[in-house]
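The values are calculated or read from the model by the stated rules, or taken from the named source; none is laboratory data. Keep in mind the model is a prediction, meaning the values are calculated, not measured. Note that each Cβ is placed from the backbone with ideal geometry, even for glycine, and that neighbours are counted across all protein chains shown.
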């Protein structure tokens, strides 16, 4: 729980251990980001050097199934919350479920799943937005970079099987390998270093 009795939605430590950000469910209290006119702040991630963080802004949908028409954007800010810049405009990012963003190991590219299920990359300054073509039809979400930056592991909900399986894909989209093939859902991975 947060200090006000508000549920704590999670914490995120900066890579160098200099800061901890806390996301609270109370829409009036918004951490780690500054004033946010769009809506709820979703997953946020520090850059590898801890100098910046990226986060999703969410505009909730309406109707019986509000997630069906929700919209999201990605913003980047300095670690102290200053210098906010929207790098993916509202409507360009998947916010729920599977709204995960991932910094490349070099802190210059962010991977994310789009609202329509594509895997996309954008430079941390907002330039170079592009889609990574997936050779199998499906819905991509929850990307994570390999430590060397040569691969992205991503969950793809495959249209052909209905399974949510893991794939590794090169950032240029030219090479893709299926890692799992089960009826279980494999999602929200973290690609660490080998022991």
Practice task
Scan 128, 81, 61 and give me the residue that is assigned to a loop (DSSP other than H, G, I, E, B), in contact with a helix residue (DSSP H, G or I) (Cβ under 8 Å, 6 or more places away or on another chain) and surrounded by fewer than 17 Cβ atoms within 10 Å (Cβ to Cβ).
Solution key: 61
Exercise for the section: Confirm whether residue 117 is assigned to a loop (DSSP other than H, G, I, E, B) and touching a residue at least 40 places away in the same chain (Cβ under 8 Å). Expected result: yes
Practice task
Can you work out which of the residues in region 40-58 that are crowded, with 19+ Cβ neighbours inside 10 Å and not in a strand (DSSP E or B) is modelled with the highest pLDDT?
Solution key: 47
Handout entry: Lone unmet requirement of (1) at pLDDT below 90; (2) over 13 Å from the mean Cα position of the chain (by Cα); (3) assigned to a loop (DSSP other than H, G, I, E, B) for residue 157
Key = (3)
Practice task
Mind counting the residues in region 64-73 that are buried (at least 20 other Cβ atoms within 10 Å of the Cβ) and either more than 18 Å from residue 85 (Cα to Cα) or in contact with a helix residue (DSSP H, G or I) (Cβ under 8 Å, 6 or more places away or on another chain) (or both)?
Solution key: 1
Fill in the blank from the handout: Of the listed residues (86, 122), the one being in contact (Cβ under 8 Å) with a residue 24 or more places away in the chain, in a strand (DSSP E or B), over 11 Å from the mean Cα position of the chain (by Cα) and surrounded by 18 or more Cβ atoms within 10 Å (Cβ to Cβ) is 122
Practice task
Go through (1) part of a loop (DSSP other than H, G, I, E, B); (2) touching a strand residue (DSSP E or B) at 6+ places or on another chain (Cβ under 9 Å) one by one and return the number of the condition residue 140 breaks.
Solution key: (1)
Fill in the blank from the handout: Of those in region 169-195 that are assigned to a strand (DSSP E or B) and buried (at least 17 other Cβ atoms within 10 Å of the Cβ), the residue modelled with the lowest pLDDT is 176
